[in-house]
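The values are calculated or read from the model by the stated rules, or taken from the named source; none is laboratory data. Please read all numbers here as calculations on a predicted model, not as lab measurements. Note that each Cβ is placed from the backbone with ideal geometry, even for glycine, and that neighbours are counted across all protein chains shown. Just the protein is used for accessible areas: all its heavy atoms, side chains included, with ligands, DNA and RNA removed. Shrake-Rupley method; radii C 1.70, N 1.55, O 1.52, S 1.80 Å.
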Amino acid sequence: MAEERWATFDCYGTLIDWNGGIRAELARVFGDERADSLLRRYHVLEKELETDGTRSYREVLTEGMRGLGAPPGEEDALARSLPNWHPFPEVPDALREAKERGWKLAILSNTDRDFIEASQRRIGAPFELAIVASEIGSYKPALGHWQAFEREVGRPSNVHVAASLFHDIGPANELGLRSIWINRLGETPEPKPTEELADLERLPETLDEVVPL
């Protein structure tokens with residue numbers, strides 16, 4: 001019998017439109033003309049807030065909004081909106097096809113359990129496992145998610161799929177894992193992934209190419 005093939009995924013930015021969800025709230029709260037510059041600033045703040053692993057993601061989102069100068073009553077705007085952020089349009093079908101090809105799917109996410117469960121419902125494709133930062137006290141790019149996955153499953157994943165070079169592809173390389181980088185923003189890869197895709201349209205066949213049966 002063939003060994004199970006596991007693909008681990010980042011969620012926000014890879015499966016769920018993270019930038020789109022955050023920008024929409026920033027535009028609503030601060031005005032559209034400020035949204036792009038505040039989104040860039042938020043990226044910096046979030047990394048800083050996640051460094052020691054002690055905050056829940058809800059707290060990270062809320063403190064990030066405070067750091068941007070959110071008016072009273074809007075500090076939790078990102079946390080309120082996150083369950084409604086949409087998956088990228090090709091994601092549900094691509095994941096369902098991967099499942100049909102025999103892949104087991106897991107999420108390794110810098111988030112909280114209630115958020116990831118809401119996003120999984122939005123995606124509509126079944127995952128066997130989801131590991132979240134707030135339950136392990138560690139945010140990627142630290143290696144805690146992959147270590148927790150290996151404890152849970154008994155071995156490393158076969159391939160990691162993600163959009164972030166900093167949070168995901170770098171650590172995957174450090175661990176000697178195959179990776180598929182979802183380069184939605186047209187960036188130059190450094191560090192280099194095993195494979196690169198513009199979106200998840202060709203994910204099922206790429207998974208099979210990277211890890212044949």
Expected single match for in contact with a strand residue (DSSP E or B) (Cβ under 7 Å, 6 or more places away or on another chain), under 22 Å from Gly102 (Cβ atoms) and open to solvent by 20 Å² or more (accessible area, probe 1.4 Å) among Leu177, Leu207, Leu203 is Leu177
Would you check if there is a residue in segment 189-209 being within 25 Å of Arg40 (Cβ to Cβ) and polar (S, T, N, Q)? no
Out of curiosity, is Ala172 surrounded by 15 or more Cβ atoms within 10 Å (Cβ to Cβ), within 22 Å of Lys47 (Cα to Cα), small (Gly, Ala, Ser) and in contact (Cβ under 8 Å) with a residue 60 or more places away in the chain? no
Residue selected from segment 1-21 under the condition in contact with a Phe, Trp or Tyr (Cβ under 6 Å, 6 or more places away or on another chain) and part of a helix (DSSP H, G or I), by the criterion most open to solvent (accessible area, probe 1.4 Å): Trp18
When segment 117-144 is examined, which residues are found to be touching a Pro at 6+ places or on another chain (Cβ under 6 Å), open to solvent by 30 Å² or more (accessible area, probe 1.4 Å) and part of a helix (DSSP H, G or I)? Arg122
Within segment 22-41, identify whether any single residue is open to solvent by 20 Å² or more (accessible area, probe 1.4 Å) and within 14 Å of the chain's Cα centre (by Cα), and answer yes or no. no
For segment 100-116, check the following and say yes or no: at least one residue is in a helix (DSSP H, G or I), under 24 Å from Pro204 (Cα atoms) and open to solvent by 50 Å² or more (accessible area, probe 1.4 Å). yes
